[in-house]
Structures are given as structure tokens and as C-alpha cells.
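Report on one structure; see the data block that follows.
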Amino acid sequence: MVAAWSLGGGPVNEHDKHTAAVLITEAAPSHDDQLAARKRKYALMMGMRFPFLILAGVFYQTWWLALALIVLSVPLPWVAVLIANDRPPRRSEDVSRYRRHGKAIEGKPHRVIESE
């Protein structure tokens, strides 16, 4: 038998209290974690818009590049809002359900009692 100490079970010291917990279930991330991830995506996408507009001004002599950067920066707020408001997709779970088998009629001959 393996000792619990070798499997990582033992007293928790001060350093272990601040480490991230190990996910041992298939549970979805918490609502706060999902919200934080969506906020990061929104901030990143909205943060890309201003540099695109600045770069369009820097490359104004190359009209096609400046136009491409402006065209990229126009839908960014709309896309950022869509992505920030979208929740993660639901997982399709295969639910274990009880399936009753139909009773079959026996194929052997039976004794028949006739009454008159």
C-alpha cells in the first residue's frame, strides 16, 4: 500500500494555500472566471482599435494599407461586444438513462388445460 505522503496528501503549509486548485471534475468554470475571460477579450479587442487608427494615419501615403487598417478598426467594437456577451457553448452530455427491455414471449410449448 502506498503512503498518503507519497501521493501528495499531507499537511498543508503556507505555500500550498496560495497555489491554484487542481480541477478534478468536469464542472464548467465559475461565472466569475468566465466573466473575467470575457472582459479580457473585450479589452484586448477594443485596445486594438486605437493602434489600427494610429497606424492608418502613419501609413496615409500608402492608401490601400491605411484603408485596410480603417476597415479593420470599424467592426471591432461590434465584434468585441458580441464576443464579450457570448457565453461558452454548452457541453452535450450523454446522460445515463434506464432503458427497459420489452418482455419476450417464451417459445417453448405450454401445457393447456381445457375446461368444459
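Numbers at a glance
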item: Pairs where the first residue, in segment 46-70, is in contact (Cβ under 8 Å) with a residue 24 or more places away in the chain and the second is open to solvent by 90 Å² or more (accessible area, probe 1.4 Å), C-beta under 6 Å, 6+ apart; result: 52/72
item: Matching helices (runs of 4 or more DSSP H) fully within segment 1-105 where at least 2 residues are modelled with pLDDT of 85 or more and surrounded by fewer than 13 Cβ atoms within 10 Å (Cβ to Cβ); result: 31-58, 63-73, 76-85
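The values are calculated or read from the model by the stated rules, or taken from the named source; none is laboratory data. What you see is a predicted model, and the numbers here were worked out from it, not measured in a lab. Using ideal geometry, Cβ is built from the backbone for each residue, glycine included, and neighbour counts are taken over all protein chains shown. Ligands, DNA and RNA are stripped out before the accessible areas are found, and what is left, the full protein with its side chains, is counted by its heavy atoms. Shrake-Rupley method; radii C 1.70, N 1.55, O 1.52, S 1.80 Å.
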